[in-house]
1. Given the DSSP H assignment, sum -39500 (n - 2.57) over each helix run of at least 4 residues in the chain and divide by its residue total; what's the result at 222 nm in deg cm²/dmol, nearest 500?
2. So what is the relative contact order for the range 8-66, in percent, with contacts set as C-alpha pairs under 8 Å and at least six apart?
3. Through the Karplus equation 6.51 cos²θ - 1.76 cosθ + 1.60, θ set to phi - 60°, convert the phi angles of the range 30-36 into ³J(HN,Hα) values in whole Hz; use x for Gly and Pro.
4. Return the loop-located chymotrypsin sites (Phe, Trp or Tyr not before Pro) in the range 23-64 (DSSP other than H, G, I, E, B) with at most 14 other Cβ atoms within 10 Å of their own Cβ; answer none if there are none.
5. Find the accessible area per residue for the chain; the probe is 1.4 Å, ligands and nucleic acids are left out, and the unit is Å².
6. Among ASP51, ASP19, ASP29, whose mean-square fluctuation peaks in a Gaussian network model of the chain (Cα, cutoff 10 Å)?
7. Ignoring any ligand, DNA or RNA, what whole percent of the accessible area of the chain comes from carbon and sulfur when the probe is 1.4 angstrom?
8. Give a quick list of GluC sites (Glu not before Pro) in the range 1-64 that DSSP marks as loop, anything other than H, G, I, E or B, with at most 13 other Cβ atoms within 10 Å.
Amino acid sequence: MKRFKELYLEGEAELEDIDRYVSQWNFSDETCTLREYLGLSEEEEDVWISDSDEALFELLEAQRKN
């Protein structure tokens, strides 16, 4: 299964889709962390939690394939 980050970087998911993935994780039986479920690095998770959605998306956008 492709994670949110991988789909986003490949242009197959949009920024606002992250909320749907978070909701899916919340209602799933997954034993992994939300960070793992989304495919984020520890740094990306820290930025997302400490700063904002926008700060996370700036990090991801810098990695996005054109």
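1. -16000 deg cm²/dmol
2. The normalised contact order for the range 8-66 reaches 44 percent.
3. Coupling constants for the range 30-36: 4, 9, 7, 6, 4, 4, 5 Hz.
4. Sites meeting the loop and neighbour criteria: PHE27.
5. 67 Å²
6. Looking only at ASP51, ASP19, ASP29, the largest GNM fluctuation is found for ASP29.
7. Reported share for carbon and sulfur atoms: 44 percent.
8. Taking the range 1-64 and a limit of 13 other Cβ atoms within 10 Å, the loop GluC sites (Glu not before Pro) found are GLU10, GLU12, GLU14, GLU30.
The values are calculated or read from the model by the stated rules, or taken from the named source; none is laboratory data. The structure displayed is predicted, hence computed values, not measured ones. All Cβ positions, even for glycine, are placed from backbone atoms using ideal geometry, and neighbour counts span all protein chains on display. These accessible areas exclude ligands, DNA and RNA; they are computed on the full protein's heavy atoms, side chains included. Shrake-Rupley method; radii C 1.70, N 1.55, O 1.52, S 1.80 Å.
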